[in-house]
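Accompanying notes for the structure given below.
Just so it is clear, none of the values below were taken in a lab; they were calculated from the coordinates. Only a predicted model underlies this, so the values are computations on that prediction, with no experimental measurement involved. Cβ coordinates were reconstructed from backbone atoms using ideal geometry, including for glycine residues, and neighbour counts include every protein chain displayed.
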Amino acid sequence: MDASTEARYDTGSKFYDLPNDVLLCVFSKSNLKDLLNFKKACRKFYKLIDDNYIRMSKTVAFEMSITRSPLDDDKISFDLDVCYVSHNKNNRSSNGKYFKRGIKGEEEFSKTLKIFVTKSLYRLVVRNCDNINVFNVLHKHYQQESSIEILYIDKLGENDIQPFQQFVNQLENVKMLEVLQIFSSIEACKTKPSLIFPSLTSLECVNLTECQETNFLNHKLIVELFENNPNIRDLRLSSKNIHFMESVLVWFFFRQQLTTSRTCNHNKISLCLDNISTYKEKLIRTLDTTIRYLRGILGYEILTTFKGHTKYEIVKKCFHCNEKSIDIHVTLINSTTKL
């Protein structure tokens, strides 16, 4: 428009802000992409949406990643990445990704999580967030009977043990649990309870690693995991506690005889004992003795991989029905490396 038209437009028209209720009505019917654009438009919209997140339309998330922010200062903050499925007006779906950087404090983190429906996640990844109360927020955010199929935690500090257990015990349908570093002082291991996950009943793969002086992993935990999760196919453990590793190794072969259940389970099952270079020969002697006393062995083979790992492949009869066979694989891994 030219200058004269613009002048008439400015002097002859009056503009009024829409009431907050009207704006909230518009925002509540908007999808996540539009909401984010509204928040960028002006400070008023940002605050209005942020203060009324409970009224906004929720987006269903299927993957979530939480990572400690690589900041130079001493302040604790973390980053959130969420993958979600969005639907357009023609009901066609497409994948979207939301990310927020430098989240500071539990309140901001909790408020951000409430933008999404996280009741049924495919995967949750938590990286480098030990001892900064992330699991406290997750425990408060998640309700009973929430579902996460894959749970990957790279570090778990001594202050995380209790909130992590509370969080996990609210979940169902967890099929894969990986905790790659559990670490704590010797004093904390003596005074704090060991890990226990009574609510987990759907596990198929478990990978637990504890660091040098940590003794949270114990024989009772492994026995209860197998009793509550009959579909476990793969168990990988790493610990410097030789007594724990040796007891698990022996129990692994005699678990059918030692359990009170008489239900047959003919699933192929694998055990990996990781980072055992300092006591590998002792475990091999224990394993050889165990096989000698194990009933129903149909055949076994001992292999050495090109990386120097020792692998036992054993076929034995089911202890209960004495008819069908079970494939048992045990791998002794020299150090924490990929197979």
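Once the Cβ-Cβ distance between ASP21 and PHE99 is put in as r, and R0 is 35 Å, what FRET efficiency do you end up with, to the nearest 0.05?
Efficiency, from the Cβ-Cβ distance: 0.70.
Among all the lysines, which ones have a C-alpha under 19 Å from LYS220's C-alpha, if same-chain residues fewer than 8 places away are not counted?
Within the straight-line limit of under 19 Å, LYS220 reaches these lysines: LYS190, LYS192, LYS240.
Mind giving me the FRET efficiency for TYR46 and SER335? R0 is 51 Å, r the Cβ-Cβ distance, nearest 0.05 is fine.
The calculated FRET efficiency here is 0.55.
Taking θ as phi - 60°, what are the ³J(HN,Hα) couplings along the stretch 140-150 by the Karplus curve (6.51, -1.76, 1.60), each to the nearest whole Hz, with x for Gly and Pro?
With coefficients 6.51, -1.76 and 1.60, one gets 6, 6, 7, 9, 4, 6, 7, 10, 9, 6, 10 Hz.
Could you sort the peptides 295-302, 159-166 by per-residue average Cβ neighbour count (10 Å cutoff), highest mean leading?
So the order, starting with the most tightly packed, is 159-166, 295-302.
Find how much the distance from GLU213 to THR304 grows on full extension, using 0.36 nm per residue of separation minus their present alpha carbon separation; answer in nm with one decimal.
Residue separation times 0.36 nm, minus the Cα-Cα distance, leaves 29.8 nm.
Given Cα positions, please report Rg to Rh for the stretch 58-232, the hydrodynamic radius being the Kirkwood one.
Taking Rg over the Kirkwood Rh, I get 0.99.
Going 7 Å from the Cα of ASP79 toward and past its Cβ, which residues in the stretch 103-125 have a backbone nitrogen under 11 Å from where you end up?
Answer for the stretch 103-125: 103.
Between LYS114 and LYS317, what is the label-to-label distance in nm when each label sits 7 Å out along the Cα-to-Cβ direction?
6.2 nm
Tabulate in residue order the Karplus-calculated ³J(HN,Hα) for the stretch 158-174, using 6.51 cos²θ - 1.76 cosθ + 1.60 with θ = phi - 60°, rounded to whole Hz; enter x for Gly and Pro.
5, 6, 8, 4, 5, x, 5, 5, 4, 5, 5, 6, 9, 9, 9, 6, 6
I want to check the label-to-label distance for SER65 and SER247. Put each point 7 Å from Cα in the C-beta direction and report it in nm to one decimal.
Result for the modelled spin labels: 3.8 nm.
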